[in-house]
Amino acid sequence: MADDQTLPASLLGPFHGEPPPAPAWFEAAMAIEPERSTLAVEGVDIELLTWGEVGKPGLLFLHGNGAHADWWSFIAPFFAKDWRVAAISWAGMGGSGWREAYSADTFAAEAFAAVEAAQLEAGGVKPIFVGHSFGGFPTLFCAARHSERLRGAIMVDTSIQPPEKRWKGPPPRSGFGTRVYPTLKEALARFRLAPPQPCENLYIADVIARRSLKEVEGGWTWKFDPAIWQRFSMPDLGLLLSEIACPCALMWGERSGLMHAETLDYMIAQMPKDVLRLPIPDADHHVMLDQPLAFVAGLRGLLAAWA
(Lines give C-alpha, C1' and ligand atoms only; values in the text may rest on other atoms or scores of the structure.)
Protein backbone atom coordinates (compact mmCIF):
# COMPACT_ATOMS: atom_id res chain seq x y z
CA MET A 1 0.00 0.00 0.00
CA ALA A 2 1.26 3.47 -0.84
CA ASP A 3 2.13 5.93 1.89
CA ASP A 4 -0.78 8.32 2.45
CA GLN A 5 1.52 11.20 1.53
CA THR A 6 1.69 9.89 -2.03
CA LEU A 7 -2.09 9.95 -2.42
CA PRO A 8 -3.85 12.88 -4.09
CA ALA A 9 -5.75 15.30 -1.86
CA SER A 10 -8.92 14.38 -3.75
CA LEU A 11 -9.55 11.59 -6.23
CA LEU A 12 -12.44 13.29 -8.02
CA GLY A 13 -11.94 16.94 -7.10
CA PRO A 14 -9.98 17.77 -10.28
CA PHE A 15 -13.04 16.86 -12.37
CA HIS A 16 -15.23 19.52 -10.67
CA GLY A 17 -18.29 17.28 -10.51
CA GLU A 18 -18.04 16.01 -14.10
CA PRO A 19 -17.57 12.28 -14.85
CA PRO A 20 -14.01 11.33 -15.91
CA PRO A 21 -13.62 9.84 -19.39
CA ALA A 22 -14.20 6.09 -19.47
CA PRO A 23 -13.08 3.33 -21.87
CA ALA A 24 -15.48 1.59 -24.22
CA TRP A 25 -15.59 -1.68 -22.25
CA PHE A 26 -16.78 0.18 -19.15
CA GLU A 27 -19.45 2.11 -21.02
CA ALA A 28 -20.70 -1.12 -22.59
CA ALA A 29 -20.87 -2.89 -19.23
CA MET A 30 -22.69 -0.01 -17.54
CA ALA A 31 -25.19 0.08 -20.42
CA ILE A 32 -26.42 -3.35 -19.28
CA GLU A 33 -28.68 -2.06 -16.55
CA PRO A 34 -29.75 -4.37 -13.72
CA GLU A 35 -33.29 -4.83 -12.53
CA ARG A 36 -33.61 -2.95 -9.24
CA SER A 37 -35.89 -4.00 -6.40
CA THR A 38 -36.03 -4.33 -2.63
CA LEU A 39 -36.84 -7.25 -0.37
CA ALA A 40 -37.78 -7.18 3.31
CA VAL A 41 -35.45 -9.13 5.60
CA GLU A 42 -36.24 -9.17 9.31
CA GLY A 43 -37.98 -5.82 9.13
CA VAL A 44 -35.46 -3.99 6.93
CA ASP A 45 -35.68 -3.30 3.18
CA ILE A 46 -32.63 -4.66 1.34
CA GLU A 47 -31.57 -3.29 -2.05
CA LEU A 48 -31.32 -5.98 -4.74
CA LEU A 49 -29.81 -5.76 -8.24
CA THR A 50 -30.16 -8.62 -10.75
CA TRP A 51 -28.81 -9.46 -14.20
CA GLY A 52 -29.21 -12.41 -16.56
CA GLU A 53 -31.84 -15.10 -17.10
CA VAL A 54 -33.65 -16.92 -14.33
CA GLY A 55 -32.71 -20.59 -14.60
CA LYS A 56 -28.99 -20.03 -15.19
CA PRO A 57 -26.62 -20.93 -12.31
CA GLY A 58 -26.73 -18.39 -9.49
CA LEU A 59 -23.95 -15.96 -8.57
CA LEU A 60 -24.30 -13.49 -5.68
CA PHE A 61 -21.88 -10.55 -5.28
CA LEU A 62 -21.42 -9.13 -1.76
CA HIS A 63 -19.73 -5.76 -1.27
CA GLY A 64 -17.40 -4.39 1.40
CA ASN A 65 -17.78 -2.05 4.37
CA GLY A 66 -19.52 1.25 3.61
CA ALA A 67 -20.00 0.27 -0.03
CA HIS A 68 -23.14 -0.79 -1.95
CA ALA A 69 -24.46 -3.14 -4.62
CA ASP A 70 -23.39 -0.85 -7.47
CA TRP A 71 -19.75 -1.63 -6.75
CA TRP A 72 -20.55 -4.65 -8.94
CA SER A 73 -22.45 -2.84 -11.73
CA PHE A 74 -19.43 -2.86 -14.06
CA ILE A 75 -18.47 -6.46 -13.16
CA ALA A 76 -21.78 -8.36 -13.09
CA PRO A 77 -22.62 -7.82 -16.80
CA PHE A 78 -19.57 -9.90 -17.78
CA PHE A 79 -21.26 -12.90 -16.14
CA ALA A 80 -24.89 -12.22 -17.11
CA LYS A 81 -24.75 -14.36 -20.27
CA ASP A 82 -24.00 -17.59 -18.42
CA TRP A 83 -25.24 -16.83 -14.90
CA ARG A 84 -28.23 -15.45 -13.05
CA VAL A 85 -26.38 -12.70 -11.19
CA ALA A 86 -27.42 -10.70 -8.14
CA ALA A 87 -25.90 -8.12 -5.81
CA ILE A 88 -27.28 -6.65 -2.61
CA SER A 89 -26.54 -3.67 -0.43
CA TRP A 90 -26.08 -4.89 3.12
CA ALA A 91 -28.37 -3.41 5.77
CA GLY A 92 -26.90 -0.11 6.90
CA MET A 93 -25.28 0.50 3.51
CA GLY A 94 -26.26 1.67 0.03
CA GLY A 95 -29.98 1.86 -0.65
CA SER A 96 -30.86 -0.57 2.15
CA GLY A 97 -32.46 0.31 5.47
CA TRP A 98 -30.62 0.50 8.79
CA ARG A 99 -30.87 -1.90 11.74
CA GLU A 100 -30.80 -1.39 15.49
CA ALA A 101 -28.11 -4.10 15.58
CA TYR A 102 -26.05 -5.95 12.97
CA SER A 103 -24.80 -9.54 13.20
CA ALA A 104 -23.48 -12.45 11.18
CA ASP A 105 -26.91 -14.06 11.36
CA THR A 106 -28.73 -11.01 9.94
CA PHE A 107 -26.16 -10.63 7.15
CA ALA A 108 -26.54 -14.33 6.28
CA ALA A 109 -30.32 -13.93 6.30
CA GLU A 110 -29.99 -11.02 3.84
CA ALA A 111 -27.77 -13.06 1.50
CA PHE A 112 -30.03 -16.11 1.43
CA ALA A 113 -33.15 -13.95 1.10
CA ALA A 114 -31.50 -12.47 -2.01
CA VAL A 115 -30.88 -16.00 -3.32
CA GLU A 116 -34.59 -16.69 -3.06
CA ALA A 117 -35.82 -13.31 -4.36
CA ALA A 118 -33.43 -13.35 -7.33
CA GLN A 119 -34.27 -17.01 -8.04
CA LEU A 120 -30.60 -17.95 -8.04
CA GLU A 121 -31.47 -21.62 -7.49
CA ALA A 122 -34.12 -21.85 -10.22
CA GLY A 123 -31.73 -23.82 -12.42
CA GLY A 124 -31.52 -26.59 -9.85
CA VAL A 125 -28.01 -25.84 -8.55
CA LYS A 126 -26.85 -24.06 -5.43
CA PRO A 127 -25.45 -20.51 -5.74
CA ILE A 128 -21.89 -19.28 -5.45
CA PHE A 129 -21.12 -16.28 -3.20
CA VAL A 130 -18.39 -13.76 -4.01
CA GLY A 131 -17.59 -11.40 -1.13
CA HIS A 132 -15.13 -8.51 -1.24
CA SER A 133 -13.37 -7.26 1.92
CA PHE A 134 -15.99 -7.06 4.70
CA GLY A 135 -18.39 -8.89 2.35
CA GLY A 136 -16.09 -11.88 2.72
CA PHE A 137 -16.95 -12.14 6.42
CA PRO A 138 -20.61 -13.12 5.88
CA THR A 139 -19.43 -15.22 2.92
CA LEU A 140 -17.08 -17.08 5.26
CA PHE A 141 -19.82 -17.41 7.88
CA CYS A 142 -22.17 -18.94 5.30
CA ALA A 143 -19.44 -21.26 3.98
CA ALA A 144 -18.87 -22.54 7.51
CA ARG A 145 -22.32 -22.54 9.10
CA HIS A 146 -24.57 -22.91 6.02
CA SER A 147 -22.29 -24.82 3.64
CA GLU A 148 -25.09 -27.14 2.54
CA ARG A 149 -26.73 -24.16 0.83
CA LEU A 150 -23.70 -23.15 -1.26
CA ARG A 151 -21.92 -24.55 -4.31
CA GLY A 152 -18.89 -22.40 -3.54
CA ALA A 153 -17.59 -19.30 -1.76
CA ILE A 154 -14.98 -16.81 -2.93
CA MET A 155 -13.41 -14.27 -0.57
CA VAL A 156 -11.77 -11.31 -2.30
CA ASP A 157 -9.08 -9.49 -0.28
CA THR A 158 -10.84 -10.43 2.95
CA SER A 159 -8.23 -10.01 5.66
CA ILE A 160 -8.36 -12.12 8.83
CA GLN A 161 -5.39 -11.39 11.04
CA PRO A 162 -3.59 -13.86 13.33
CA PRO A 163 -5.09 -13.95 16.85
CA GLU A 164 -2.49 -11.67 18.39
CA LYS A 165 -3.26 -8.94 15.84
CA ARG A 166 -7.00 -9.38 15.57
CA TRP A 167 -9.52 -6.56 15.93
CA LYS A 168 -10.72 -6.41 19.55
CA GLY A 169 -13.55 -3.88 19.29
CA PRO A 170 -15.24 -1.22 17.17
CA PRO A 171 -13.00 1.49 15.73
CA PRO A 172 -13.50 5.05 17.02
CA ARG A 173 -15.70 6.40 14.23
CA SER A 174 -18.23 8.46 16.17
CA GLY A 175 -19.95 10.89 13.82
CA PHE A 176 -18.08 9.59 10.79
CA GLY A 177 -20.11 9.88 7.62
CA THR A 178 -22.78 12.24 8.97
CA ARG A 179 -21.57 15.43 7.33
CA VAL A 180 -23.86 17.11 4.80
CA TYR A 181 -22.19 18.73 1.77
CA PRO A 182 -24.02 21.68 0.16
CA THR A 183 -23.47 20.45 -3.41
CA LEU A 184 -22.90 17.17 -5.21
CA LYS A 185 -19.63 18.57 -6.53
CA GLU A 186 -18.32 19.13 -3.00
CA ALA A 187 -19.46 15.67 -1.88
CA LEU A 188 -17.77 13.96 -4.82
CA ALA A 189 -14.55 15.81 -4.05
CA ARG A 190 -14.58 14.28 -0.55
CA PHE A 191 -14.87 10.67 -1.76
CA ARG A 192 -12.07 8.42 -0.50
CA LEU A 193 -11.29 4.75 -0.67
CA ALA A 194 -11.00 3.00 2.69
CA PRO A 195 -8.36 1.95 3.48
CA PRO A 196 -6.61 4.72 1.52
CA GLN A 197 -4.90 3.67 -1.70
CA PRO A 198 -4.06 5.05 -5.15
CA CYS A 199 -6.70 4.80 -7.87
CA GLU A 200 -5.94 4.86 -11.57
CA ASN A 201 -9.45 4.04 -12.80
CA LEU A 202 -11.17 7.22 -11.71
CA TYR A 203 -14.14 6.63 -14.02
CA ILE A 204 -15.02 3.68 -11.76
CA ALA A 205 -14.46 5.70 -8.59
CA ASP A 206 -16.80 8.37 -9.94
CA VAL A 207 -19.68 5.94 -10.50
CA ILE A 208 -19.13 4.36 -7.10
CA ALA A 209 -19.00 7.77 -5.40
CA ARG A 210 -22.17 9.09 -7.06
CA ARG A 211 -24.10 5.99 -6.01
CA SER A 212 -22.71 6.25 -2.46
CA LEU A 213 -24.50 9.56 -1.92
CA LYS A 214 -28.08 10.57 -1.20
CA GLU A 215 -29.76 13.96 -1.31
CA VAL A 216 -30.98 15.22 2.07
CA GLU A 217 -32.12 18.53 3.51
CA GLY A 218 -29.25 20.96 3.03
CA GLY A 219 -27.33 18.98 0.43
CA TRP A 220 -25.75 15.55 0.06
CA THR A 221 -24.48 12.92 2.48
CA TRP A 222 -23.21 9.32 2.44
CA LYS A 223 -25.75 6.50 2.47
CA PHE A 224 -24.16 4.20 5.05
CA ASP A 225 -25.05 4.01 8.74
CA PRO A 226 -22.16 5.78 10.56
CA ALA A 227 -22.89 3.87 13.78
CA ILE A 228 -22.83 0.37 12.29
CA TRP A 229 -19.61 -0.65 14.03
CA GLN A 230 -20.98 0.35 17.42
CA ARG A 231 -23.91 -2.06 16.97
CA PHE A 232 -22.15 -4.96 15.32
CA SER A 233 -21.31 -8.55 16.35
CA MET A 234 -19.53 -11.36 14.53
CA PRO A 235 -18.11 -14.68 15.76
CA ASP A 236 -14.36 -15.31 15.81
CA LEU A 237 -13.57 -15.31 12.11
CA GLY A 238 -10.28 -17.11 12.58
CA LEU A 239 -12.12 -20.11 14.01
CA LEU A 240 -14.53 -20.10 11.07
CA LEU A 241 -11.68 -20.58 8.57
CA SER A 242 -11.19 -24.20 9.60
CA GLU A 243 -14.96 -24.83 9.50
CA ILE A 244 -15.38 -24.06 5.78
CA ALA A 245 -17.29 -27.03 4.36
CA CYS A 246 -17.92 -26.10 0.72
CA PRO A 247 -15.56 -25.40 -2.20
CA CYS A 248 -13.74 -22.16 -1.42
CA ALA A 249 -11.31 -19.75 -3.05
CA LEU A 250 -9.23 -16.83 -1.83
CA MET A 251 -8.46 -13.98 -4.24
CA TRP A 252 -6.40 -10.93 -3.29
CA GLY A 253 -4.52 -7.97 -4.70
CA GLU A 254 -0.78 -8.62 -4.75
CA ARG A 255 -0.21 -5.02 -3.67
CA SER A 256 -2.93 -5.02 -0.99
CA GLY A 257 -1.93 -3.51 2.34
CA LEU A 258 -4.36 -5.85 4.11
CA MET A 259 -2.99 -9.12 2.76
CA HIS A 260 0.59 -9.24 3.98
CA ALA A 261 2.51 -12.52 3.85
CA GLU A 262 1.90 -13.10 7.55
CA THR A 263 -1.86 -12.70 7.08
CA LEU A 264 -1.98 -14.95 4.02
CA ASP A 265 0.14 -17.62 5.70
CA TYR A 266 -2.17 -17.63 8.71
CA MET A 267 -5.39 -17.77 6.68
CA ILE A 268 -4.18 -20.47 4.28
CA ALA A 269 -2.91 -22.60 7.17
CA GLN A 270 -6.35 -22.48 8.79
CA MET A 271 -8.42 -23.05 5.64
CA PRO A 272 -9.08 -26.42 3.97
CA LYS A 273 -6.09 -27.72 2.02
CA ASP A 274 -7.97 -27.66 -1.30
CA VAL A 275 -8.82 -23.94 -1.14
CA LEU A 276 -8.03 -22.24 -4.45
CA ARG A 277 -5.69 -19.22 -4.32
CA LEU A 278 -5.53 -16.41 -6.86
CA PRO A 279 -3.41 -13.28 -6.41
CA ILE A 280 -4.18 -10.47 -8.89
CA PRO A 281 -1.04 -8.65 -10.06
CA ASP A 282 -0.80 -4.86 -9.76
CA ALA A 283 -3.91 -4.63 -7.59
CA ASP A 284 -4.45 -3.03 -4.20
CA HIS A 285 -7.25 -3.90 -1.76
CA HIS A 286 -10.09 -2.86 -4.08
CA VAL A 287 -9.22 -5.52 -6.63
CA MET A 288 -12.18 -5.11 -8.98
CA LEU A 289 -11.60 -1.34 -9.09
CA ASP A 290 -7.83 -1.58 -9.55
CA GLN A 291 -7.77 -4.36 -12.16
CA PRO A 292 -11.39 -4.91 -13.28
CA LEU A 293 -10.69 -6.99 -16.38
CA ALA A 294 -8.08 -9.13 -14.62
CA PHE A 295 -10.62 -9.61 -11.83
CA VAL A 296 -13.23 -10.78 -14.35
CA ALA A 297 -10.77 -13.16 -16.00
CA GLY A 298 -9.61 -14.53 -12.65
CA LEU A 299 -13.14 -15.03 -11.39
CA ARG A 300 -14.13 -16.78 -14.62
CA GLY A 301 -11.24 -19.19 -14.06
CA LEU A 302 -12.29 -19.93 -10.48
CA LEU A 303 -15.90 -20.50 -11.52
CA ALA A 304 -14.82 -22.81 -14.34
CA ALA A 305 -13.05 -24.97 -11.76
CA TRP A 306 -16.44 -25.61 -10.13
CA ALA A 307 -18.43 -26.01 -13.34
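The values are calculated or read from the model by the stated rules, or taken from the named source; none is laboratory data. Note that the structure is a prediction, hence the values are computed from the model and not measured. As a convention, Cβ positions derive from the backbone with ideal geometry for all residues, glycine included, and neighbour counts pool all protein chains shown. Just the protein is used for accessible areas: all its heavy atoms, side chains included, with ligands, DNA and RNA removed. Shrake-Rupley method; radii C 1.70, N 1.55, O 1.52, S 1.80 Å.
To the nearest 0.05, how large is the calculated FRET efficiency for Arg231 and Glu116 if R₀ is 22 Å and r is the Cβ-Cβ distance? Show your work: numbers first, answer last.
Values: r = 26 Å, r/R0 = 1.19.
Efficiency computed from Cβ-Cβ geometry: 0.25.
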**Report entry** Volume per residue of the C-alpha convex hull in the stretch 155-307, rounded to whole Å³
**Finding:** 138
Report summary line: Computed curve, the stretch 1-96, Cα-only Debye sum without solvent term, log₁₀ I(q)/I(0) at 0.15, 0.21 Å⁻¹, is -0.74, -1.08
Query raised in the report: Which percent of the accessible heavy-atom area of the stretch 1-95 goes to carbon and sulfur, probe 1.4 angstrom?
Result: 53
Report task. Report the relative contact order of the chain, percent, no decimals, based on alpha-carbon pairs under 8 angstrom and at least 6 residues apart. Result -> 20
Query raised in the report: So how much slack lies between Ser37 and Lys185, counting 0.36 nm per residue of separation and subtracting their Cα-Cα distance, in nm?
Result: 50.5 nm
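How much length is gained on full extension from Ala28 to Leu264, taking 0.36 nm per residue of separation minus their Cα-Cα distance? Don't skip to the answer; put the middle values down first.
Working: separation 236, 0.36 × 236 = 84.96 nm, distance 3.53 nm.
Length difference between fully extended and current span is 81.4 nm.
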Report summary line: Computed from every Cα-Cα pair in the stretch 201-263, P(r) in 10 Å bins starting at 0 and rounded to whole percents is 13, 23, 36, 23, 5
Query - Rounded Å value of the spacing that divides the Cα centres of the stretch 218-297 and the stretch 99-115 - result: 18
Query raised in the report: Over the Cα atoms of the chain, Rg to Rh with Kirkwood Rh, two decimal places?
Result: 0.93
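Once fully extended, how much extra length lies between Ser10 and Ala307, figured as 0.36 nm per residue of separation less the alpha-carbon to alpha-carbon distance?
On the way: separation 297, 0.36 × 297 = 106.92 nm, distance 4.26 nm.
Gain on extension, Ser10 to Ala307, equals 102.7 nm.
May I ask you to give the solvent-accessible area per residue for the chain, in square angstrom, as obtained with a 1.4 angstrom probe? Intermediate results must be reported in sequence, preceding the final value.
Details: 13100 Å² over 307 residues.
In whole numbers, the chain has 43 Å² accessible per residue.
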Report task. For the stretch 152-307, give the magnitude of the charge dipole about the Cα centre (Cβ charges: +1 Lys/Arg, -1 Asp/Glu; no others), in debye to the nearest 20. Result -> 480
Requested in this report: Pop a pseudo-label 7 angstrom from the Cα along the beta-carbon direction at both Thr178 and Glu217 and give the gap in nm to one decimal.
Outcome: 1.5
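Roughly speaking, to the nearest percent, how much of the stretch 114-261's 1.4 Å accessible area is carbon and sulfur?
Details: 3530 of 6490 Å².
Roughly 54 percent of what the probe reaches on the stretch 114-261 is carbon or sulfur.
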**Report entry** Radius ratio Rg over Rh of the stretch 10-165, counting only Cα atoms, Kirkwood formula for Rh
**Finding:** 0.99
Query raised in the report: With point charges of +1 on the Cβ of Lys and Arg and -1 on the Cβ of Asp and Glu, referenced to the Cα centre of the chain, which listed residue (Ile46, Pro272, Trp72) lies farthest in the positive direction of the dipole?
Result: Pro272
